[in-house]
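Read the structure below first, then the notes.
The values are calculated or read from the model by the stated rules, or taken from the named source; none is laboratory data. A quick note: this is a predicted structure, and the numbers were derived from the prediction, not measured. Methodologically, a virtual Cβ is constructed for each residue, glycine included, from the backbone with ideal geometry; neighbour enumeration extends over all protein chains shown. Accessible surface is based on the protein model in full, side chains and every heavy atom, while ligands, DNA and RNA are left aside. Shrake-Rupley method; radii C 1.70, N 1.55, O 1.52, S 1.80 Å.
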Amino acid sequence: MTFEQSSPPQSWDRTGLPAWSFFSEEMLSLEKDVLFRGHWQAVCHINDIPNAGDFVTLDFVGERALVIRGRDGEARAFHNLCRHRGSRVVAEHSGTCKSAIICPFHGWAYNLDGTLRGAAQPASLPQLDPVQMGLKPLQMDIWNGFVFVRFKPGPQPKISDLMRRFASELSQYDLADMVPDGNGFWTTEVEANWKCVRDVDNEGYHVPMAHPGLADLFGDNYYDEPFTDGASRSFSKFREGAARLWSVRNYKNIMHPPHRLDDDHKQAWLYIGMFPNLVFGIYPDSVIFYQEFPLANGKTIQRGATYRFKDEDRRMRLARYLSMRIDRITSKEDEQLIEWTWEAAFSSGYDGVMLSDLEYGVKTYHDALRKLFPVLVETEPPAGTLAARNAVLLSQTQAD
């Protein structure tokens with residue numbers, strides 16, 4: 001099962017995003033609202049919360065999400081926000097609420113389905129409706145076991161519709177049955193605008209020069225497909241012949257892929273990108289996801305997790321260790337490239353970029369941004385006018 005590699009058109013805009021878009025505070029504020037609050041964001045896998053009371057939290061762009069398993073076995077998503085004074089009702093990134101969700105500020109208690117169980121010293125308060133004063137629910141969607149939330153309505157359909165064209169290919173991995181690797185969620189900070197992370201991650205042109213491990217594993221087999229309808233795909237079979245690097249050589253020798261994988265995927269890595277900030281890495285030995293959120297214009301937090309096959313044996317566990325080692329080194333190499341990309345926007349010599357045909361994925365991602373932010377095709381608007389100017393351009397686009 002393969003996808004046909006597409007070629008970019010003979011003539012296309014190779015210039016990328018304007019420099020001002022990487023350090024404009026107004027642009028970042030609009031991105032937080034439109035992109036990060038209004039698009040699906042991955043929180044965890046359903047198997048991160050296998051039992052009643054198990055929860056995972058996620059904070060980004062000023063929002064706080066709580067995903068928790070109820071006594072009825074259902075997973076639900078809420079604002080991590082007490083209805084009393086707005087405190088976090090759960091302070092940890094993950095854990096278990098044994099019988100109820102207890103706010104650490106004043107002790108208001110919520111049932112695992114989010115309804116209000118009771119307030120501390122109820123005689124000091126009016127009668128409280130348990131549903132109306134329960135935790136505020138969030139939009140939630142579950143796709144192949146992965147749990148997503150959204151803080152406000154947005155343009156994306158259900159995840160299953162968004163990822164429909166990959167459904168057949170992904171079905172052989174049994175993603176819904178995968179379990180956490182036991183290391184929890186990792187986070188790291190990068191000193192760059194969040195779009196610099198996407199610009200590096202959306203192309204494989206830099207792999208031969210910047211990533212010796214991946215180059216040793218893939219050879220010339222790696223290719224990217226453009227963003228289409230909010231998602232993208234990158235794929236590479238392993239190169240033939242002996243590997244030079246210890247981790248790559250042993251990974252290829254040790255890894256025996258599951259029998260359920262077809263011949264194209266038994267010795268290959270697959271990446272599925274989901275607009276605006278999520279990537280799944282799907283390997284014969286494991287599955288990862290990673291995402292990034294802006295903290296400020298020059299600071300981005302990256303977050304991710306790894307999942308293993310439920311029937312993993314000792315050999316597969318060792319193969320997974322080696323693939324994660326290759327991944328960790330690659331991520332560290334990318335951090336430096338991301339920061340250099342960020343620095344460029346401040347240079348007096350910077351006048352844009354010149355994208356290669358092998359970076360057409362970057363261009364199509366930029367097109368997805370321009371669709372929501374047509375202001376990106378103009379010079380920076382005067383201070384205080386960016387959101388209004390973008391709204392005008394959007395209305396003109398919709399009218400056409």
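For the reader, a short list of remarks on this structure follows.
- Hull-based mean projected area of segment 59-151, where the convex hull spans the alpha carbons, in square nanometres: 6.4 nm²
- Debye intensity ratio I(q)/I(0), log10, the chain, q values 0.09, 0.10, 0.14, 0.15 Å⁻¹ (C-alpha model): -0.60, -0.73, -1.31, -1.44
- Subset of 136/363; 136/332; 299/363 violating a 30 Å alpha-carbon distance limit: 136/363; 136/332
- The share of accessible area on the chain that comes from carbon and sulfur is 50 percent, using a 1.4 angstrom probe.
- Above-threshold pairs, the threshold being 31 Å between Cα atoms, out of 195/237; 252/371; 152/266: 252/371; 152/266
- Amide H partners (placed H, <5 Å) of residue 299, local residues excluded: 192
- What the phi angles of segment 253-268 give under the Karplus curve with 6.51, -1.76 and 1.60, with θ = phi - 60°, is a coupling list of 6, 7, 5, 10, x, x, 5, 6, 7, 6, 4, 5, 10, 5, 10, 7 Hz, glycine and proline written as x.
- Sequence-separation-based contact order of segment 1-139, relative, with Cα cut under 8 Å and 6+ spacing, percent: 16 percent
- Residues 324, 140 ordered from highest to lowest accessible area at a 1.4 Å probe: 140, 324.
- Length gained when the stretch residue 10-residue 356 is fully extended (0.36 nm per residue, less Cα-Cα span): 123.4 nm
- Computed over Cα pairs, the Kirkwood radius of segment 25-85 leads via Stokes-Einstein (1.567 mPa s, 4 °C) to a diffusion coefficient of 100 µm² per second.
- Whole-Hz Karplus values for segment 281-292 come out as x, 10, 10, x, 10, 5, 9, 10, 9, 8, 8, 9 Hz, taken residue by residue from phi with 6.51 cos²θ - 1.76 cosθ + 1.60 and θ = phi - 60°; glycine and proline positions read x.
- Sequence of 89, 392 when ordered by accessible area, the most exposed leading, probe 1.4 angstrom: 392, 89
- Across segment 78-203, the relative contact order, built from alpha-carbon pairs under 8 Å that are at least six residues apart, equals 15 percent.
- Label positions at residue 177 and residue 96, each projected 7 Å from the Cα along the C-beta direction, are separated by 2.5 nm.
- With a cut-off of 14 Å between beta carbons, the residues surrounding residue 156 carry a summed charge of +3, where Lys and Arg count +1 and Asp and Glu -1.
- Anchor residue 158: lysines whose Cα lies under 17 Å away (excluding residues fewer than 8 positions away in-chain): none
- Loop trypsin sites (Lys or Arg not before Pro), segment 228-310, which have at most 10 other Cβ atoms in a 10 Å radius of their Cβ (DSSP): 310
- Calculated diffusion of segment 189-234, Stokes-Einstein form, Kirkwood radius summed over Cα pairs, 37 °C and 0.692 mPa s, µm²/s: 273 µm²/s
- Theoretical ellipticity at 222 nm over the chain - DSSP helices of four or more residues, -39500 (n - 2.57) apiece, nearest 500: -7500 deg cm²/dmol
- GNM result for the chain, Cα springs below 10 Å: residue of 11, 171, 234 fluctuating most strongly: 11
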